[in-house]
Amino acid sequence: MVDLSAAVFLATTDDLIIGFAQVVVGSTESRSALLNRIYIDAEWRGSGLANDLLDTVVNESAQRGVTRLELTVFERNARAIAFYKRAGFAATGSTTFAVGDDLQTDVVMEMDLEARFKRRPT
Ligand SMILES: CC(C)(COP(=O)(O)OP(=O)(O)OC[C@H]1O[C@@H](n2cnc3c(N)ncnc32)[C@H](O)[C@@H]1OP(=O)(O)O)[C@@H](O)C(=O)NCCC(=O)NCCS
């Protein structure tokens, strides 16, 4: 049963927060969750920390009954899209949002957690 509605994961040094991720869980029936934000301090990008943080999000979400992790990402955020693809997200569609009179497009991406954990050797 999913009993979590939102969680924030922090990556820290001894005295600094250097990254965070926020997950919002949908209805119990849908068993899906939204990776609402993930952010790594600029100095730590490319270090593998984002991967470790996302792994924690994925493992914790799966343990709490989530079977599908979703996110949206600005279509021109090539670095984030490359990161998500490498981590196992697949693009499933797109959605638009208005910035003033401009229509901007986000890519919708999903990770099937059931399939991900089935593939792993026990
Ligand atoms: C998105 C984010 C968490 C990823 O963490 P990261 O440490 O930068 O990720 P990595 O370096 O491990 O992976 C980025 C990938 O993009 C590639 N890349 C780097 N710069 C790039 C660019 N300008 N264009 C396209 N790809 C790029 C890297 O080579 C790497 O791919 P590879 O491992 O296949 O070579 C981090 O960049 C970040 O915090 N960005 C700002 C906030 C943000 O955009 N959050 C996501 C909003 S949806």
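Structure values in brief
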read-out	value
Förster-model FRET efficiency, 25 Å R0, residue 108 and residue 16, C-beta, rounded to 0.05	0.15
Per-residue ³J(HN,Hα) for segment 21-33, Karplus 6.51 cos²θ - 1.76 cosθ + 1.60, θ = phi - 60°, Hz, x for Gly and Pro	9, 10, 10, 10, 8, x, 5, 4, 5, 6, 6, 10, 9
Cα-projected label distance for residue 63 with residue 39, points at 7 Å along beta-carbon direction, nm	2.6 nm
Column: log10 I(q)/I(0), Debye, Cα scatterers of segment 6-119, q = 0.17 Å⁻¹	-0.87
Length added when fully stretched, residue 55-residue 76, from 0.36 nm per residue minus Cα-Cα	5.2 nm
Backbone HN-Hα couplings from phi across segment 100-108 [Karplus 6.51/-1.76/1.60, Hz, Gly and Pro as x]	x, 8, 8, 8, 10, 10, 9, 7, 8
Cβ-derived FRET efficiency at R0 35 Å, residue 95 paired with residue 6, nearest 0.05	0.95
Vicinal HN-Hα couplings computed from phi for segment 56-64 (Karplus, 6.51 cos²θ - 1.76 cosθ + 1.60; Hz; Gly/Pro x)	4, 4, 5, 5, 5, 5, 4, 4, 8
Long-range amide H partners of residue 26 with built H, under 5 Å	32, 33, 34
Most mobile of 79, 31, 45 in a GNM of the chain (Cα contacts under 10 Å)	79
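None of the figures in this text is laboratory data; all of them are computed from the coordinates on show. This one's a predicted model, so the numbers in the text were calculated from it and none came from an experiment. So basically every Cβ, Gly included, is an ideal-geometry build from the backbone, and we count neighbours across all protein chains shown.
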